[in-house]
Amino acid sequence: MKLTLHEIAKMVDAQNSLSDLDDVPLNQIEFDSRKITEGDLFLPLKGERDGHDFIDLAFENGAVATFSEKALPGRPHLLVKDCLKAFQTLAQYYIDKMRVDVVAVTGSNGKTSTKDMIAAVLSTTYKTYKTQGNYNNEIGLPYTVLHMPEETEKIVLEMGQDHMGDIHLLSEIARPRIAVLTLVGEAHLEYFGSRDRIAQGKMQIVDGMNSDGILIAPGDPIIDPYLPENQMVIRFGDQQEIFVTAIEEEKYHLTFKTNVLSTPVTLPLSGKYNAINAMLAAYVGKLLAVADDDIMAALESIQLTGNRTEWKKAANGADILSDVYNANPTAMRLILETFTNISKNPNGKKIAVLADMKELGKESVALHSQLITSLSPKMIDQLIFYGDDIQELAQLASQKYPVCNVHFFQKNSQEDQFEAMQKYVQEILEPSDQILLKGSHSMALTKLVDQLVATKTRENY
């Protein structure tokens with residue numbers, strides 16, 4: 001990190017005298033005292049615990065100084081009114097100082113995969129850094145910026161929102177040159193109240209852009225009222241400026257054409273939505289002068305962040321389609337479409353384990369129930385539901401399916417039948433089966449995936 005202590009103090013308007021501080025170069029900024037190493041600056045944030053309680057531990061681990069919202073006699077510190085705001089201000093300054101191009105990505109679904117694809121494409125030509133894991137909020141984004149390698153030329157930043165104004169803040173920090181909106185769905189509907197409000201929040205991604213910025217957004221009319229007047233806007237989708245055609249989907253790969261590239265693309269991924277994500281990555285690459293051959297090479301060898309849509313093998317040989325990081329109605333429909341379209345294994349059955357989608361607000365039960373149109377006994381043989389709001393969907397499914405092929409396991413404050421559900425899945429899963437697992441991260445389906453991968457289920461060899 002190319003910053004010194006005095007430089008940071010001036011940038012965040014530290015209220016204490018610099019004469020008490022040695023102007024030393026800093027290694028990193030860390031908000032977890034356990035990660036502090038020699039030469040780091042500690043950032044005490046307020047969460048379940050007040051980070052100020054760990055300042056002594058940070059110094060024991062090698063911190064040369066700390067931010068602080070209170071005076072610390074005898075300790076080298078930067079006295080500020082708000083440590084988090086100082087951190088964000090510093091990240092904004094650092095982007096300008098490093099003269100790095102920022103590509104920002106948001107969306108109700110697909111933002112992490114699109115971020116990974118864009119970074120892979122840009123990495124063929126530039127020193128590129130990207131958001132690690134899910135560091136896409138008011139803490140994670142500045143942390144990503146301040147941890148990018150010193151030689152970084154392009155940085156791809158994922159932006160998430162839980163409440164209105166979240167993306168406005170992130171855009172003002174990052175000031176993106178290119179912004180990508182993948183999709184407006186129903187994620188966090190509980191906090192926004194309507195899909196229109198979600199669209200309004202997502203479109204705040206342009207708030208920090210200069211007039212020469214470029215927005216890439218879907219041709220969804222719900223965003224039309226919020227389109228910027230002073231930036232170039234490229235729309236994608238059917239009958240839009242950029243689009244995909246001729247999608248051919250198999251279990252482990254996907255082939256498609258796009259008017260962005262002259263030759264078909266084959267991704268080592270399933271899911272038709274990944275064709276859209278890859279097209280967006282290709283278009284960003286073209287905007288930033290990446291050669292077509294390099295774009296193709298990056299996409300055809302892409303590896304995505306874990307726990308998104310990925311095929312795994314159960315210990316007994318069954319195929320697992322795991323998509324358990326998060327869930328909303330749009331994402332659920334897309335993965336069910338993918339699972340439905342894939343051919344069955346010989347002598348095998350298709351099983352779907354579907355869990356609650358969280359943060360959908362008062363319409364949650366209705367939004368779960370609407371998924372009944374994506375479920376067909378001809379395409380998916382057996383359904384296993386786990387949760388609370390999903391119970392009505394299970395009841396609707398039992399009217400379409402033989403009763404013995406629909407099973408519901410409760411999760412509420414009185415009773416959690418996760419272990420019973422887990423045991424049942426292990427009992428029925430055979431080596432020739434295909435099983436889909438989809439639900440919000442808090443439903444802990446990752447535990448079931450790990451269990452199936454690690455433990456032999458029903459032996460039928």
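Quick notes on this one:
- Residue, most open to solvent (accessible area, probe 1.4 Å), within region 388-399, restricted to residues that are charged (D, E, K, R) and in contact with an Asp or Glu (Cβ under 9 Å, 6 or more places away or on another chain): Asp388
- Cβ separations smaller than 6 Å between residues 6+ apart or across chains give the following pairs from region 261-280 residues that are touching a residue at least 40 places away in the same chain (Cβ under 8 Å) and closer than 18 Å to Leu122 by Cα to residues that are assigned to a strand (DSSP E or B) and open to solvent by 20 Å² or more (accessible area, probe 1.4 Å): Met279/Val244.
- Failed criterion for Leu181 (all others in (1) open to solvent by 10 Å² or more (accessible area, probe 1.4 Å); (2) at pLDDT 95 or above hold): (1)
- Here Lys286 clears all of (1) more than 21 Å from the chain's Cα centre (by Cα); (2) modelled with pLDDT under 90; (3) open to solvent by 30 Å² or more (accessible area, probe 1.4 Å) except the condition numbered (2).
- Any pair with Cβ under 7 angstrom, 6 or more apart, that starts in region 17-41 at a residue that is on the phi < 0 side of the Ramachandran plot and assigned to a loop (DSSP other than H, G, I, E, B) and ends at one that is aromatic (Phe, Trp, Tyr) and crowded, with 19+ Cβ neighbours inside 10 Å: Ile36/Phe42
- Unique residue being modelled with pLDDT under 95 and more than 15 Å from Val103 (Cβ to Cβ) when the list is His163, His168, His147: His163
- Consider region 235-259 and keep the residues that are within 23 Å of the chain's Cα centre (by Cα), more than 14 Å from Ala217 (Cα to Cα) and without any contact (Cβ under 8 Å) to a residue 24 or more places away in the chain. The one that is surrounded by the most Cβ atoms within 10 Å (Cβ to Cβ) is Leu254.
- Residues in region 139-151 that are in a loop (DSSP other than H, G, I, E, B), open to solvent by 10 Å² or more (accessible area, probe 1.4 Å) and in contact (Cβ under 8 Å) with a residue 24 or more places away in the chain: Ile139, His147, Glu150, Glu151.
- Taking the criterion of being touching a strand residue (DSSP E or B) at 6+ places or on another chain (Cβ under 6 Å) and open to solvent by 10 Å² or more (accessible area, probe 1.4 Å), the residues of region 349-387 that qualify are Asp381, Gln382.
- When residues of region 311-348 are limited to those that are open to solvent by 10 Å² or more (accessible area, probe 1.4 Å) and among the hydroxyl-bearing types (Ser, Thr, Tyr), the one modelled with the highest pLDDT: Thr340
- Where a residue in region 421-438 is without any contact (Cβ under 8 Å) to a residue 40 or more places away in the chain and its partner, wherever it lies, is buried (at least 20 other Cβ atoms within 10 Å of the Cβ) and assigned to a loop (DSSP other than H, G, I, E, B), with Cβ under 8 Å and at least six apart: Gln426/Thr457; Glu427/Thr457
- Condition met for Gly107 (touching a Gly at 6+ places or on another chain (Cβ under 9 Å) and under 24 Å from Asp13 (Cβ atoms)): no
- Subset of region 427-453 (residues that are at pLDDT below 95, open to solvent by 10 Å² or more (accessible area, probe 1.4 Å) and polar (S, T, N, Q)): Ser442, Thr446, Gln451
- Every condition in (1) within 16 Å of Tyr143 (Cβ to Cβ); (2) assigned to a loop (DSSP other than H, G, I, E, B); (3) in contact with a Leu (Cβ under 9 Å, 6 or more places away or on another chain) is met by Tyr94 except one, and the failing one is (2).
- Selection of region 97-107 for residues being outside any helix (DSSP H, G or I), of a type in the set (A, V, I, L, M, F, W, C) and open to solvent by 10 Å² or more (accessible area, probe 1.4 Å) yields only Val100.
- Among the residues making up region 43-85, those that are without any contact (Cβ under 8 Å) to a residue 60 or more places away in the chain, open to solvent by less than 60 Å² (accessible area, probe 1.4 Å) and either farther than 29 Å from Asp166 by Cα or among the basic types (Lys, Arg) (or both) are Ala58, Phe59, Asn61, Gly62, Ala63, Val64, Leu72.
The values are calculated or read from the model by the stated rules, or taken from the named source; none is laboratory data. Owing to the predicted nature of the structure, the values given are computational and were not obtained by experimental measurement. In this analysis, Cβ positions are derived from the backbone assuming ideal geometry, glycine residues included, and neighbour counts consider all displayed protein chains. Please note that ligands, DNA and RNA were not included when accessible areas were found on the heavy atoms of the full protein model with its side chains. Shrake-Rupley method; radii C 1.70, N 1.55, O 1.52, S 1.80 Å.
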